[in-house]
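Q: Handing you a structure now.
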């Protein structure tokens, strides 16, 4: 099985590559320290498993997962992180990852995770249950129908005047909804809102 390692922490990536190379059934097809490097590799090589650091700089692991799967849908992605937060894990799984492994877990469990997802299963750290993941609410589900409508227009770059005309509401009402949307999605600016939307695969379509 051909493995791609995606992690910006060089010592960890090198160490993981060494461990993977010792497994007869696994082949490290490449390693990358950024989304750009990872996409370049999947653009030219078939990858069976991608081990992706969730906390990559610039473009995080959630976005990278979507990008990798868009190029190679058959590839299985396993998120790697030191954090076992259910919200973070659920977000990674929604992006298309098949599993999530803590960097503090023994390497034997990482190989168990690889074998498990290759069999079509989903792998979670021993400290996290399926129920915990199921109970995590998608952040955009916090929005009302009207807030989702306005968010869609904002994501498409529409002006307040255009939104007011399309939805037959006042500029003051739009601003009120905008502030509520930012608060519910824990964003401070429209740029941060766009980043949150991108991370969760939400578009203005």
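The values are calculated or read from the model by the stated rules, or taken from the named source; none is laboratory data. Model, not experiment: these values are computed from the prediction. Every residue, glycine among them, receives a Cβ derived from its backbone with ideal geometry; neighbour counts consider all protein chains shown.
Q: Among the helices (runs of 4 or more DSSP H) lying completely within segment 114-205, list those that include at least 1 residues that are within 30 Å of residue 48 (Cβ to Cβ).
A: Qualifying helices (runs of 4 or more DSSP H): 130-134, 190-199.
Q: Right, here's the next one. Would you confirm, using the coordinates I've provided, whether residue 41 is more than 16 Å from the chain's Cα centre (by Cα), modelled with pLDDT of 95 or more, under 25 Å from residue 198 (Cβ atoms) and in a helix (DSSP H, G or I)?
A: So residue 41 passes the test.
Q: Next question. Of all residues in segment 155-177, which are touching a helix residue (DSSP H, G or I) at 6+ places or on another chain (Cβ under 7 Å) and surrounded by 16 or more Cβ atoms within 10 Å (Cβ to Cβ)?
A: Hits for segment 155-177 are 155, 160, 163, 164, 174, 177.
Q: Additional query: List pairs: first residue in segment 143-165 and closer than 12 Å to residue 193 by Cβ, second residue outside any helix (DSSP H, G or I) and modelled with pLDDT of 90 or more anywhere in the structure, Cβ distance under 8 angstrom, at least six positions apart or on different chains.
A: Short answer, once both residue conditions are applied: none.
Q: Sort out which residues of segment 69-107 are assigned to a helix (DSSP H, G or I), modelled with pLDDT under 95 and either over 14 Å from the mean Cα position of the chain (by Cα) or not assigned by TED's automatic domain parsing to the domain that holds residue 6 (or both), and write them in order of number.
A: Correct list: 107 only.
Residue by residue, here is whether (1) under 14 Å from residue 35 (Cβ atoms); (2) in contact with a strand residue (DSSP E or B) (Cβ under 9 Å, 6 or more places away or on another chain) holds:
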{"residue": "69", "(1), (2)": "yes, yes"}
{"residue": "73", "(1), (2)": "no, no"}
{"residue": "76", "(1), (2)": "no, yes"}
{"residue": "83", "(1), (2)": "no, yes"}
{"residue": "91", "(1), (2)": "no, no"}
{"residue": "95", "(1), (2)": "yes, yes"}
{"residue": "99", "(1), (2)": "no, yes"}
{"residue": "104", "(1), (2)": "no, no"}
{"residue": "110", "(1), (2)": "no, yes"}
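Q: State all residues of segment 44-59 that are closer than 12 Å to residue 7 by Cβ, under 12 Å from the mean Cα position of the chain (by Cα) and outside any strand (DSSP E or B); if no residue qualifies, say none.
A: 54, 55, 56, listed by residue number.
Q: Would you confirm, using the coordinates I've provided, whether residue 3 is within 20 Å of residue 106 (Cα to Cα) and crowded, with 18+ Cβ neighbours inside 10 Å?
A: yes
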